[in-house]
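K.L.:
I have a structure here, written as structure tokens, and I will follow up with some questions on it.
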Amino acid sequence: MSCALLLLLMSLALAMGTGAAVEVQRPRGVPLSKRQFYEENKPFTCLDGSSTIPFDRVNDDYCDCRDGSDEPGTAACPNGSFHCTNAGFRPAFIPSSRINDGICDCCDTTDEYNSGATCQNTCREMGRKERESLQIMAEITKEGFMLKQQLIHEAKRGQEDKRGKLTELQGSKKGLEGKVEALRTVKETAEDPEKEAKERHLKSWEEQKELIRMEKDKTRMAEAFLELDDDADGYVSVAELQSHLELDPDSDGSLTETETQGLLGGADKVDTSTFETVWSGIKDKYLSEGLSDPPAPVETPQEEETRDFVSDHDSDHYPEDYAGEEEDVEDDEEDDDHEEEEEEKVPPTAQTPEKREDDEVSMPSYDTETQSLIDAAQKARDDFDEAERALGEVDDQMKNLEKEIGFDFGPSAEFAYLYSQCYELSTSEYIYRLCPFNRVSQKPKFGGSETNLGLWGQWSGPEDNLYSVMKYDHGQGCWQGPNRSTTVKLTCGKETVVTSTSEPSRCEYLMEFTTPAVCQEPASLDEVLHEHTEL
């Protein structure tokens, strides 16, 4: 039955109830559903069974029953209730204390029958407005439910597509796994000769460097021998070697004759062939005479006297302040001289000042055969890496599909269309963003960082309507408070939109969200009429 016809029949039923219904006689304030308990000319038994009284004591403005059931139409019992018939609108109950209190609570004015209050019956107008509202809601529900059926159909087709894609990826994965293993073998096979060729090249280069180093060391030894052999007699003596203080074994600033003999292997002098053994022990400290700094000039006593005389003589012609400045300059110069002397006393480092030329010589390029092996191995590595990347991408796609297929999108997967989507609501201060099944966030409208209001938790509606509420928790922590969380209440609507946000409690947010996915099938005629039978 169409919704429009349903509403038409509902309206006719209401009109018939208000215009042609027969008034069933019963005591004031008694609902039709309890008429059988109030029979005239028969004793009345309190509805809680506490006592039985003559019927004429019903509505006599005196409370006889503990449950107040004997005074449904008066304010005598504090726990009594009055039934408003409200013909043309919905019936209602009000507390007995509101009877004849001068305020119109029932739209049909029946609660103020003896107060003198001027009341106007508004039931028909309220009924009309409610019927209009019900009609609008019925249309929304109808359209929303139709959209929901489309969503379910699309979700079913989407699930089938995803399962098909997953099956396809599973086949691709097997092929890629085989390819990766084959390329791994190719790579390892290509890397073995590459490694051997590189090792041969490096070994050859190390041997060449060692030959170069030995030749340079031999040349340097010969030069050192000639430098040390001051008298050119073909020997290096203790006296000749003793001038090289950098060779001092104990670094005390002096090289004794005994220490020098020790450097010469206990001999007083050595020739060229024996010097080779000596050289191995001193070459790391030895400083070539050509690189050593010249000694600082030594002033003679006469120069010192002349300088002192000039200084004393000149100071008589200058004011004291200028003399003081000269003294400061002299002090500075003395300090500089002192620092230079200290620098001269610093023992030389073990590393020779000459730059090791063999360290600067780069390894020669690979020969053609070795380079070919390197290129082949690198291509095998590139092919293997590319296959591994492709396998990793397939794995990621499969995991995402398996997660989406196994997700709880509702009884018929009607909420699946919300996955990977986000919806925003802009207020005067913030932009709220809801990404269903992912997270909720809040961002200041005029600059500032985004705040996480919660991550997807679970469906948390009541047992009979589980999919009406979403819960997002473990959001960003509040200052000296709990982590933020958001409850999202879903209502039926033709559009998918965030309608409102609020913060009922500190750090706990409430969001209203409309979606056709929660729209239920429109009520049947019997269900609609059931709510409007008692007029």
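The values are calculated or read from the model by the stated rules, or taken from the named source; none is laboratory data. Source: prediction; values computed, not measured. Neighbour counts run over all protein chains shown; Cβ positions are idealised from the backbone, glycine included. Accessible surface is based on the protein model in full, side chains and every heavy atom, while ligands, DNA and RNA are left aside. Shrake-Rupley method; radii C 1.70, N 1.55, O 1.52, S 1.80 Å.
K.L.:
What is the number of the single condition among (1) outside any helix (DSSP H, G or I); (2) of a type in the set (D, E, K, R); (3) surrounded by 15 or more Cβ atoms within 10 Å (Cβ to Cβ) that D111 does not meet?
P.N.:
(1)
K.L.:
Here is a further query. Condition first: in a strand (DSSP E or B), of a type outside the set (A, V, I, L, M) and within 24 Å of Y467 (Cα to Cα). Now tell me which residues in the range 422-440 satisfy that.
P.N.:
Of everything in the range 422-440, those that are in a strand (DSSP E or B), of a type outside the set (A, V, I, L, M) and within 24 Å of Y467 (Cα to Cα) turn out to be Y423, E424, Y432, R433, C435, R439.
A quick yes/no check of all residues on (1) part of a helix (DSSP H, G or I); (2) open to solvent by 40 Å² or more (accessible area, probe 1.4 Å); (3) of a type in the set (S, T, N, Q):
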| site | (1), (2), (3) |
| --- | --- |
| S133 | yes, yes, yes |
| I140 | yes, yes, no |
| G144 | yes, no, no |
| L147 | yes, yes, no |
| L176 | yes, no, no |
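K.L.:
When residues of the range 197-255 are filtered for being part of a loop (DSSP other than H, G, I, E, B) and among the acidic types (D, E), how many remain?
P.N.:
Matching residues across the range 197-255 total 7.
K.L.:
Continuing with the same structure: Just wondering, is there one or more residues in the range 57-79 that are assigned by the TED database to the domain that holds V30, surrounded by fewer than 17 Cβ atoms within 10 Å (Cβ to Cβ), aromatic (F, W, Y) and not in a strand (DSSP E or B)?
P.N.:
yes
K.L.:
Six or more apart or on different chains, Cβ atoms under 7 Å: show the pairs whose first residue is in the range 50-74 and under 18 Å from D111 (Cβ atoms) and whose second is among the hydroxyl-bearing types (S, T, Y) and in a loop (DSSP other than H, G, I, E, B).
P.N.:
If the second residue must be among the hydroxyl-bearing types (S, T, Y) and in a loop (DSSP other than H, G, I, E, B), the pairs left are V58/Y38; N59/T74; D61/T74.
K.L.:
Here's another thing I want to ask about it. Only one of (1) touching a residue at least 40 places away in the same chain (Cβ under 8 Å); (2) open to solvent by less than 70 Å² (accessible area, probe 1.4 Å) is not met by T451, so which one is it?
P.N.:
Going through the list (1) touching a residue at least 40 places away in the same chain (Cβ under 8 Å); (2) open to solvent by less than 70 Å² (accessible area, probe 1.4 Å), T451 breaks only (1).
K.L.:
Still on this structure, please answer the following. Would you mention how many residues in the range 82-108 are part of a strand (DSSP E or B), free of Cβ contacts under 8 Å to residues at least 40 places away in the same chain and farther than 23 Å from R128 by Cα?
P.N.:
1
K.L.:
Can you pull out the residues in the range 124-158 that are under 30 Å from H83 (Cα atoms) and in contact with a helix residue (DSSP H, G or I) (Cβ under 8 Å, 6 or more places away or on another chain)?
P.N.:
Passing the criteria: R124, G127, R131, L134, Q135, A138.
K.L.:
Now for a separate question. Could you grab the pairs with beta carbons closer than 6 Å, sequence gap of 6+ or different chains, first residue in the range 180-194 and under 14 Å from D385 (Cα atoms), second one open to solvent by 80 Å² or more (accessible area, probe 1.4 Å)?
P.N.:
V180/E388
K.L.:
Hey, another quick one. Can you confirm whether the range 236-244 contains a residue that is open to solvent by 50 Å² or more (accessible area, probe 1.4 Å), of a type in the set (A, V, I, L, M, F, W, C) and at pLDDT below 90?
P.N.:
Within the range 236-244, one or more residues are open to solvent by 50 Å² or more (accessible area, probe 1.4 Å), of a type in the set (A, V, I, L, M, F, W, C) and at pLDDT below 90.
K.L.:
Mind counting the residues in the range 1-59 that are hydrophobic (A, V, I, L, M, F, W, C) and at pLDDT below 65?
P.N.:
Count: 17.
K.L.:
If S273 meets every condition in (1) loosely packed, with under 12 Cβ neighbours inside 10 Å; (2) over 18 Å from L226 (Cβ atoms) apart from one, which number is that one?
P.N.:
(2)
K.L.:
Read through the list (1) without any contact (Cβ under 8 Å) to a residue 60 or more places away in the chain; (2) open to solvent by 70 Å² or more (accessible area, probe 1.4 Å); (3) within 30 Å of L401 (Cβ to Cβ), then give the number of the only condition that R163 fails.
P.N.:
(1)
K.L.:
List every residue pair whose Cβ atoms sit under 6 Å apart, with the two residues 6 or more apart in sequence or on different chains, where the first one lies in the range 362-379 and is free of Cβ contacts under 8 Å to residues at least 12 places away in the same chain and loosely packed, with under 13 Cβ neighbours inside 10 Å and the second, anywhere, is among the aromatic types (F, W, Y) and part of a helix (DSSP H, G or I).
P.N.:
Qualifying pairs under 6 Å: none.
K.L.:
Would you pick out the residues in the range 401-418 that are in contact (Cβ under 8 Å) with a residue 12 or more places away in the chain, surrounded by fewer than 17 Cβ atoms within 10 Å (Cβ to Cβ) and in a loop (DSSP other than H, G, I, E, B)?
P.N.:
F407, D408, P411, S412
K.L.:
Return a yes/no flag: does the range 31-47 have any residue that is assigned to a loop (DSSP other than H, G, I, E, B), closer than 17 Å to N114 by Cβ and open to solvent by less than 50 Å² (accessible area, probe 1.4 Å).
P.N.:
No, the conditions are met nowhere in the range 31-47.
K.L.:
Does the range 466-487 include one or more residues that are under 28 Å from K156 (Cβ atoms) and open to solvent by 70 Å² or more (accessible area, probe 1.4 Å)?
P.N.:
no
K.L.:
Any idea which of G88, G102 is at positive phi and buried (at least 19 other Cβ atoms within 10 Å of the Cβ)?
P.N.:
Answer to the check: G88.
K.L.:
A further question on this structure: When you scan the range 441-524 for strands (runs of 3 or more DSSP E) that lie fully inside it, which ones turn up with 2 or more residues that are of a type in the set (F, W, Y)?
P.N.:
The qualifying strands (runs of 3 or more DSSP E) are 451-459, 508-515.
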